[in-house]
Amino acid sequence: MAELGFVGLGTMGGRMAKRLIEAGHTVTGHNRTRSKADWLVAEGLRWADTPREVAEAADVTLSMVTHTDALAAITEGPDGVVAGLGPGKLYVDLSTVSPAASRELASRVAERGAQMLDAPVSGSVLTLEQGNLSIMVGGDPDAFERARPVLEDIGPKVSHVGGNGQAVLMKIASNLSLAVQMTAFSEGVLLAEKGGIAREKAVEVLLNSVIASPMVRYRGPFVLEMPDEAWFDVNMMQKDMLLALESGREFDVPLPTTAVVNELLTSARAMGLDKEDFAVLFRVLAHLSGVDQ
């Protein structure tokens, strides 16, 4: 079993760390708000006061944070992850961030004699807890093979997609479809409902039709009842949509549906729904359609 470190023990990161502990690894961890990690300490997590201390204690350090600025906050400076890295160490970032920022960070890690992989995940809290999370990985192939057993203890589907920064690009390309699919599903439900079909019946039919992708199957029912805790909130989804639009401009790929859905996410924020799961796009469209919630 590996000596592991984990920085960023929020909704997803904390559950990932728990899976690693349950798999028998020794895990040293840090979170900006310590109280949110108390339950993991009770599960066997070794607490460290800084990200640097985590990296110093571990052979393989993983991190999971919300956005590019948060990644900079845990990696830079005298107490950051990079300062704790050295020859032979491996750093795996599971966050969805700017590909350019991820590549730049990988270069700084290499200057320390260590290696870095970007390894964003595809799935939700539910798929993580079910053990069905998929992970895409960018970086050196040998580093990938070293990290693979650890990553497979988080999720069984682990794929190497290219060099540093390529995995986060692949994740962004995947995530733009989530909000676009949710919008299309919501449009279909609302069209049926305004035409006299009960919302519950419309959802039932659509979830048993050809359009029922895995994402639609587990998130579609949210148009009937939203979860108590957002699986992936509006702000997080809009962050990924903006990264997609930025990449589209970089590579000259028009993303018209992404652009439209991004504006609907802005509408959700204007309605005070930014902390809700992004399935709340249904409420935005229902409001525009004059449909009661």
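Selection over region 207-223 of residues that are open to solvent by less than 40 Å² (accessible area, probe 1.4 Å) and either touching a Leu at 6+ places or on another chain (Cβ under 7 Å) or not polar (S, T, N, Q) (or both) gives a count of 8. Among the residues of region 104-122, those identified as farther than 18 Å from D142 by Cβ and either open to solvent by 40 Å² or more (accessible area, probe 1.4 Å) or part of a strand (DSSP E or B) (or both) are E104, R108, E111, V121, S122.
For region 65-84, residues that are in contact with a helix residue (DSSP H, G or I) (Cβ under 6 Å, 6 or more places away or on another chain), closer than 8 Å to R52 by Cα, assigned to a loop (DSSP other than H, G, I, E, B) and open to solvent by 10 Å² or more (accessible area, probe 1.4 Å) total 1. Reported count of residues in region 1-27, each being of a type in the set (V, I, T) and over 21 Å from the mean Cα position of the chain (by Cα), is 1. Restricting region 46-64 to residues that are assigned to a loop (DSSP other than H, G, I, E, B) and of a type outside the set (A, V, I, L, M), the residue that is least open to solvent (accessible area, probe 1.4 Å) is T50.
Here is a yes/no grid of residues against (1) modelled with pLDDT of 95 or more; (2) open to solvent by less than 40 Å² (accessible area, probe 1.4 Å); (3) small (G, A, S):
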position	(1), (2), (3)
V125	no, yes, no
N132	no, no, no
G138	yes, yes, yes
V150	yes, yes, no
G155	no, yes, yes
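It is to be established whether one or more residues within region 199-206 are surrounded by fewer than 20 Cβ atoms within 10 Å (Cβ to Cβ) and under 22 Å from the mean Cα position of the chain (by Cα). Checked region 199-206: no residue is surrounded by fewer than 20 Cβ atoms within 10 Å (Cβ to Cβ) and under 22 Å from the mean Cα position of the chain (by Cα). How about region 13-36: which of its residues are surrounded by fewer than 22 Cβ atoms within 10 Å (Cβ to Cβ) and closer than 24 Å to M236 by Cβ? Across region 13-36, the qualifying residues are G14, R15, K18, R19, R32, T33, R34, S35, K36. Against the test of being open to solvent by 40 Å² or more (accessible area, probe 1.4 Å), in a loop (DSSP other than H, G, I, E, B) and in contact with a strand residue (DSSP E or B) (Cβ under 9 Å, 6 or more places away or on another chain), the options M170, M226 yield a single qualifying residue, M226. Of all residues in region 85-103, exactly one satisfies the criterion of being more than 18 Å from K171 (Cα to Cα), in contact with an Asp or Glu (Cβ under 8 Å, 6 or more places away or on another chain) and assigned to a strand (DSSP E or B), namely L90. Of the set (1) part of a helix (DSSP H, G or I); (2) buried (at least 17 other Cβ atoms within 10 Å of the Cβ), all apply to E246 but (2). Using the structure shown, decide if G165 is touching an Asp or Glu at 6+ places or on another chain (Cβ under 9 Å), surrounded by 21 or more Cβ atoms within 10 Å (Cβ to Cβ) and without any contact (Cβ under 8 Å) to a residue 60 or more places away in the chain. So G165 fails the test. Checked against (1) within 25 Å of S134 (Cα to Cα); (2) under 18 Å from the mean Cα position of the chain (by Cα), A73 passes all but a single condition, namely (1).
The values are calculated or read from the model by the stated rules, or taken from the named source; none is laboratory data. Source: prediction; values computed, not measured. Using ideal geometry, Cβ is built from the backbone for each residue, glycine included, and neighbour counts are taken over all protein chains shown. For the accessible areas, the whole protein counts, side chains as well, though only heavy atoms, and no ligand, DNA or RNA atoms are used. Shrake-Rupley method; radii C 1.70, N 1.55, O 1.52, S 1.80 Å.
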